[in-house]
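Everything on this sheet refers to the single structure shown next.
The values are calculated or read from the model by the stated rules, or taken from the named source; none is laboratory data. Predicted model only: the values in this text are computed from it and were never measured. Methodologically, a virtual Cβ is constructed for each residue, glycine included, from the backbone with ideal geometry; neighbour enumeration extends over all protein chains shown. The protein model used for the area step is the full one, side chains on, heavy atoms only, and it has no ligands, DNA or RNA in it. Shrake-Rupley method; radii C 1.70, N 1.55, O 1.52, S 1.80 Å.
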Amino acid sequence: MIKPLRKRHLQLWLGLAVVLPASILAGWLAVPTPATDTLLQPATSAPLPLILASRDSPAQTITLRASTDTATLQLEWVTKSELAAPSALIYAGERLLGRIGPQGVYRFSFTPGCKDIHPSFTIYDIIHHKNIEKINF
């Protein structure tokens, strides 16, 4: 090799010595963090002390609970067997309370809209856009 070629060869290797580790580090930093499973439904809250009404069926148990001053109501839904619609939402009147999923206990706290502390609840299938059930206490 002649002198200008050796000089150019040295410059290329020095450039690669800097660029390769930098690109490896940049690639390692560009890797996204792995996705973790997050629960969309909030953790189940403690049941309120007063039981105003209750309904029991083979598929579910529904209990309407209240605080001691009846300012806050709580719907407790215990699913015993799987629902026919996996995408069921529950409404208290016009207000969305939450989602009912597979077997388990679901508690939804809300304030009554009027003086009537026995609201009607509607179970709505969001995929098929139809009411599944209407519950009146």
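Here are the numbers for this structure:
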read-out: Scope the range 58-77; condition free of Cβ contacts under 8 Å to residues at least 40 places away in the same chain, open to solvent by 40 Å² or more (accessible area, probe 1.4 Å) and among the hydroxyl-bearing types (Ser, Thr, Tyr); matching residues; value: THR68, THR72
read-out: Hits in the range 1-52 - residues which are over 28 Å from the mean Cα position of the chain (by Cα), among the small types (Gly, Ala, Ser) and open to solvent by 100 Å² or more (accessible area, probe 1.4 Å); value: none
read-out: Any hit, the range 84-93, residues being surrounded by fewer than 15 Cβ atoms within 10 Å (Cβ to Cβ) and farther than 21 Å from ASN131 by Cα; value: no
